[in-house]
1. Which of 25, 107, 60 comes first, and how do the rest follow, when ranked by fewest Cβ neighbours within 10 Å?
2. For an R0 of 25 angstrom, estimate the FRET efficiency from the Cβ-Cβ distance between residue 45 and residue 157 and round to the nearest 0.05.
3. Sorted from fewest to most neighbouring beta carbons within 10 Å, what does the list 4, 81 look like?
4. What nm value, rounded to one decimal, do you get for the distance between residue 100 and residue 139 when each label is placed 7 Å out toward the C-beta?
5. Can you give the helix-only mean residue ellipticity at 222 nm for the chain, where every DSSP H stretch with n ≥ 4 adds -39500 (n - 2.57) and the sum goes over all residues, rounded to the nearest 500 deg cm²/dmol?
6. Just to be sure I understand the model, the point goes 7 Å from the Cα along the line to the Cβ. What's the resulting residue 109 to residue 65 distance in nm?
7. Can you sort 50, 128 by how many other beta carbons sit within 10 Å, fewest first?
8. Between residue 147 and residue 6, what length comes free when the chain is fully extended (0.36 nm per residue of separation minus the Cα-Cα distance, one decimal in nm)?
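Just so it is clear, none of the values below were taken in a lab; they were calculated from the coordinates. From a predicted model like this one, the values you see are computed outputs, not experimental measurements. All Cβ positions, glycine included, derive from the backbone under ideal geometry; neighbour counts span all protein chains shown.
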């Protein structure tokens, strides 16, 4: 089953029909996710995607050596769990759409191990990362379980442990550089 779709238009537009289509594809996919690539080529320097994940999708903790990535939440909730080099959880960020009270946008500008843990039936987000796309460019954490059930337990426990830590401060507007 096809799970990745590519924009072929000069102006890429996404409406609720696309979201419904991607949700249906994710729900029926063995990978339990789907995406619409808004960029036109794997070689584009900016890669933008609308990604839909089902609750049972798991990503092993990983990091990117020379990339930034940003998530902008459209629908649903996920926990973004950050780890140190040895696999100790450092923090968790609950993400959700604007107006939900959760963080709705993040940017990771350093090479840090992290994992995405969906917390709703569907998660819909806009991801932006640096291109070009290179298959297998992510470095997976050697300390993370590879078995699905063990990984779910590890991520749930890591998120709970990190949730007990003080939250990251949001910069005050009077300290921002304009």
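1. 107, 60, 25
2. Values: r = 38 Å, r/R0 = 1.51.
Efficiency computed from Cβ-Cβ geometry: 0.10.
3. Working: 4 13, 81 25.
Taking fewest neighbouring Cβ atoms as first place, the list is 4, 81.
4. About 3.1 nm separates the two model spin labels.
5. Details: 2 runs with 29 residues, N = 178.
Calculated at 222 nm, the ellipticity per residue is -5500 deg cm²/dmol.
6. 2.2
7. Details: 50 22, 128 16.
Ordered from fewest to most neighbouring Cβ atoms within 10 Å, 50, 128 come out as 128, 50.
8. Numbers: separation 141, 0.36 × 141 = 50.76 nm, distance 3.07 nm.
Fully extending the segment from residue 147 to residue 6 adds 47.7 nm.
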